[in-house]
Ligand SMILES: [Zn+2]
Ligand SMILES: [Zn+2]
């Protein structure tokens, strides 16, 4: 699964865009883009180890290498309770 940094949409497969740089002949630069907004700032994403939701922003990596989403943890301070 991939996520677009511009519009935040998740999608299975990027679409190909061709950047022609003002030239009208190949080779064109082939870019992978978001199918929703055609943005090219796209990233691989992965599921949260705990809730199974796709991670769409910040996440935590635990010491045993699990990646969990922000919904699955809250920070506390023992001196604040
Ligand atoms: Zn997008
Ligand atoms: Zn989660």
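Sorted by average packing, counted as other Cβ atoms within 10 angstrom per residue and highest first, what order do 58-68, 16-26 take?
So the order, starting with the most tightly packed, is 58-68, 16-26.
Could you list 46, 79 in order of exposure, starting from the residue whose Cβ has the fewest other Cβ atoms within 10 Å? If you can, show how the numbers build up before the last one.
Working: 46 12, 79 5.
Listing 46, 79 from fewest to most nearby Cβ atoms yields 79, 46.
How many percent of all Cα-Cα pairs in the chain sit more than 21 Å apart?
Numbers: 1559 of 3240 pairs.
That fraction is 48 percent.
None of the figures in this text is laboratory data; all of them are computed from the coordinates on show. Predicted model only: the values in this text are computed from it and were never measured. Methodologically, a virtual Cβ is constructed for each residue, glycine included, from the backbone with ideal geometry; neighbour enumeration extends over all protein chains shown.
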